[in-house]
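Step one of this worksheet: look at the structure below.
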Amino acid sequence: MARVSQEHLDARRRQILTGAARCFARNGFHGTSMQDVLKEVGLSAGAVYRYFAGKEDLIAAIADEAFRSIRSAFEEAAELTTPPTPDVLLGRVLRGVFEGQMYGMERRACAALIVQVWAETLRNDQLARTLEDGYAGMRAAWSKLVDAYRAAGIMHSDVPADDVARTMIATAQGFMAQEALFGGVEPAVLENGLRGLMSMDQSEIS
């Protein structure tokens, strides 16, 4: 029997996750059955269940991939001598998520899928653990970025790094929620808004 290459296995896994993500974005988690996923990806049940035990595993894998992709972008930025400022970095990361990294879906569908993942954590313990791990990783990555900003002399040290990390994560989450609910929220809007807030001259505040 011919041995299946790792490249083939990875490509098949990606095919399944892409099809599942499109189903979930279109019909919601509870409105999507495994039969819907099988039809979307054009594979047999055996081929899909070789990789994922069921719908919950698919949802958890999608959430984990999203966190790993975003976290790696922040970690790479922290390694730069002068890391990009938060407005530039958040805009860059969100463009990456919305322009191809999230299963080739259009931006609003991608944002809607992310919001559905958040909501599903309220009833799904497995997904809640995945989200908690991802959130902890994101906080650690942003805290490392804060250390890099301070080392470069572009951020004060009077605010705990984790407070900055939580605030920046909340900013990105709010952007995704707006896009999911209303649409038409370009990453440039986030960049411009953050740039405006960062430009405030505190010496003029009495």
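The values are calculated or read from the model by the stated rules, or taken from the named source; none is laboratory data. Fair warning: this is a prediction, and the values are worked out from it, not measured in the lab. Cβ atoms come from the backbone with ideal geometry, glycine included; neighbour counts cover every protein chain shown. Side chains included, ligands, DNA and RNA excluded: accessible areas come from the protein's heavy atoms. Shrake-Rupley method; radii C 1.70, N 1.55, O 1.52, S 1.80 Å.
Cβ separations smaller than 9 Å between residues 6+ apart or across chains give the following pairs from the stretch 106-134 residues that are free of Cβ contacts under 8 Å to residues at least 12 places away in the same chain to residues that are surrounded by fewer than 14 Cβ atoms within 10 Å (Cβ to Cβ) and not basic (Lys, Arg): Thr121/Glu132; Ala128/Leu122.
Quick one: which of Gln126, Gln116 is in contact with a Gly (Cβ under 9 Å, 6 or more places away or on another chain), assigned to a helix (DSSP H, G or I), at negative phi and of a type outside the set (Phe, Trp, Tyr)? Can you show your working first?
On the way: Gln126 fails: in contact with a Gly (Cβ under 9 Å, 6 or more places away or on another chain).
Matching residue, one of Gln126, Gln116: Gln116.
Look at (1) crowded, with 17+ Cβ neighbours inside 10 Å; (2) over 29 Å from Ala188 (Cα atoms) and you find that Val97 fails only one, number (2).
Can you say whether Ala141 is closer than 18 Å to Gln178 by Cα, open to solvent by less than 10 Å² (accessible area, probe 1.4 Å) and in contact with a helix residue (DSSP H, G or I) (Cβ under 8 Å, 6 or more places away or on another chain), as far as the supplied structure shows?
Numbers: closer than 18 Å to Gln178 by Cα: no; open to solvent by less than 10 Å² (accessible area, probe 1.4 Å): yes; in contact with a helix residue (DSSP H, G or I) (Cβ under 8 Å, 6 or more places away or on another chain): yes.
Against the criterion (closer than 18 Å to Gln178 by Cα, open to solvent by less than 10 Å² (accessible area, probe 1.4 Å) and in contact with a helix residue (DSSP H, G or I) (Cβ under 8 Å, 6 or more places away or on another chain)), Ala141 does not qualify.
Sort out which residues of the stretch 178-203 are open to solvent by less than 100 Å² (accessible area, probe 1.4 Å), part of a helix (DSSP H, G or I) and of a type in the set (A, V, I, L, M), and write them in order of number. First the steps, then the outcome.
Filtering the stretch 178-203 down to residues open to solvent by less than 100 Å² (accessible area, probe 1.4 Å) leaves 178-180, 183-194, 196, 198-199, 201, 203.
Among the residues that remain, those that are also part of a helix (DSSP H, G or I) are: 178-180, 187-194, 196, 198, 203.
Correct list: Ala180, Ala188, Val189, Leu190, Leu194, Met198.
Among the residues of the stretch 28-46, is any surrounded by fewer than 15 Cβ atoms within 10 Å (Cβ to Cβ) and of a type in the set (A, V, I, L, M)? Taking every residue of the stretch 28-46 in turn, at least one turns out to be surrounded by fewer than 15 Cβ atoms within 10 Å (Cβ to Cβ) and of a type in the set (A, V, I, L, M). Of the residues examined, Leu131 is not one that is of a type outside the set (Ser, Thr, Tyr), under 23 Å from Glu56 (Cβ atoms) and part of a loop (DSSP other than H, G, I, E, B).
Selection over the stretch 50-91 of residues that are surrounded by fewer than 15 Cβ atoms within 10 Å (Cβ to Cβ), basic (Lys, Arg) and modelled with pLDDT of 85 or more gives a count of 1.
Listed by position, the helices (runs of 4 or more DSSP H) inside the stretch 1-108 whose residues that are of a type in the set (Phe, Trp, Tyr) number at least 1 are 6-27, 45-49, 55-78.
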